[in-house]
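The values are calculated or read from the model by the stated rules, or taken from the named source; none is laboratory data. Keep in mind the model is a prediction, meaning the values are calculated, not measured. When we count neighbours, we look across all protein chains shown, and the Cβ atoms used for this are built from the backbone with ideal geometry, even at glycine. Ligands, DNA and RNA are stripped out before the accessible areas are found, and what is left, the full protein with its side chains, is counted by its heavy atoms. Shrake-Rupley method; radii C 1.70, N 1.55, O 1.52, S 1.80 Å.
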Amino acid sequence: MRYTYTWLLLGALLITSCSQKVDPEAQIIVDAALTAHGAANLDQSVISFRLRDKQYRALRDNGAFVYSRTFTDSTGQRIHDVLSNSGFKRTIDDKEVELPEEREKAYSASVNSVIYFALLPYFLNDVAVRKEYLGEATIKGEPYHKVKVTFAQEGGGDDFEDEYVYWFHKQRHTMDYLAYNFKEDGGGSRFREATNSREVGGVLFQDYNNYKVADKDFPIQNYDRAFEAAKLEKVSEINLEELQVSKLQ
């Protein structure tokens with residue numbers, strides 16, 4: 001296995017020698033995780049699930065996508081949001097409504113964020129993604145590779161300044177932990193521990209325990225140590241219910 005890994009690393013070095021944006025070791029680790037999670041099965045698929053009181057649906061056809069969420073608000077109105085390559089629209093009781101730019105942007109980000117996290121690590125080979133290998137770590141006695149992800153401004157979306165760190169199991173290649181920072185609501189960071197891993201439609205899905213620390217400027221690459229030292233506060237659980245995956249016909 002060591003020799004195989006070495007040859008893969010040398011091959012990646014040759015392929016990426018003309019670019020300083022790709023860390024070949026990190027790329028190999030991410031590619032192995034995508035295989036372990038069955039990411040290729042999402043290229044042309046329809047995924048649906050319930051998260052808390054909202055129903056989500058993600059249609060992906062290689063580069064094309066249509067994401068939606070449906071819920072009933074506190075007044076009993078049926079809200080249906082749709083985000084696609086062509087933009088965002090909201091309907092209330094089946095009537096399309098005009099939205100201020102700020103709200104449209106916020107609703108778009110909200111829908112996209114839920115789908116993004118639900119399908120991880122699927123998006124980690126997007127063009128704007130920059131990967132950096134941070135070394136090895138041990139969590140709960142298990143060995144991990146630690147990979148940092150940032151985004152190029154071009155193609156990186158409105159949140160291109162955000163940073164992520166992922167912990168991939170060295171043998172299973174699964175994405176068992178992740179940390180990220182965020183800018184909205186004053187900024188801060190979160191650490192997620194994967195739970196309830198299960199395969200649906202050839203894809204490995206996970207729920208998460210969601211943690212934080214009091215210091216909003218806490219370095220996210222150190223979350224593994226804080227987790228091991230029991231210094232994190234659990235703030236929520238993210239549980240995907242009624243999961244279904246089907247292939248596009």
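Tallying residues that are part of a strand (DSSP E or B), open to solvent by less than 30 Å² (accessible area, probe 1.4 Å) and of a type outside the set (S, T, N, Q) within the range 176-208 yields 14. Residue pairs whose Cβ atoms lie under 8 Å apart, sitting 6 or more positions apart in sequence or on different chains, and linking a residue in the range 227-246 that is touching a residue at least 12 places away in the same chain (Cβ under 8 Å) to a partner that is of a type in the set (Asp, Glu), are 227/193; 237/207; 238/207; 239/207; 240/207. Residue selection: residue 81 fails the criterion of being open to solvent by less than 50 Å² (accessible area, probe 1.4 Å), at pLDDT below 95 and of a type in the set (D, E, K, R).
Among the numbered conditions (1) open to solvent by less than 70 Å² (accessible area, probe 1.4 Å); (2) at pLDDT below 95; (3) outside any strand (DSSP E or B), the only one that residue 214 does not meet is (1). I want to confirm something. Restricting to the range 152-164 and keeping residues that are under 25 Å from residue 47 (Cβ atoms) and open to solvent by less than 30 Å² (accessible area, probe 1.4 Å), which single residue is modelled with the highest pLDDT? Among those that are under 25 Å from residue 47 (Cβ atoms) and open to solvent by less than 30 Å² (accessible area, probe 1.4 Å), it is 164.
Residues checked against (1) at pLDDT 95 or above; (2) among the small types (Gly, Ala, Ser); (3) open to solvent by less than 20 Å² (accessible area, probe 1.4 Å):
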{"site": "88", "(1), (2), (3)": "yes, no, no"}
{"site": "92", "(1), (2), (3)": "yes, no, no"}
{"site": "97", "(1), (2), (3)": "yes, no, no"}
{"site": "114", "(1), (2), (3)": "yes, no, no"}
{"site": "124", "(1), (2), (3)": "yes, no, yes"}
{"site": "128", "(1), (2), (3)": "no, yes, yes"}
{"site": "135", "(1), (2), (3)": "yes, yes, yes"}
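So that you can scan it fast, the table gives a plain yes or no per residue for (1) at pLDDT 95 or above; (2) open to solvent by 40 Å² or more (accessible area, probe 1.4 Å); (3) charged (D, E, K, R); (4) in contact with a helix residue (DSSP H, G or I) (Cβ under 8 Å, 6 or more places away or on another chain):
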residue: 11; (1), (2), (3), (4): no, no, no, no
residue: 21; (1), (2), (3), (4): no, yes, yes, no
residue: 34; (1), (2), (3), (4): yes, no, no, yes
residue: 55; (1), (2), (3), (4): yes, yes, no, no
residue: 67; (1), (2), (3), (4): yes, no, no, yes
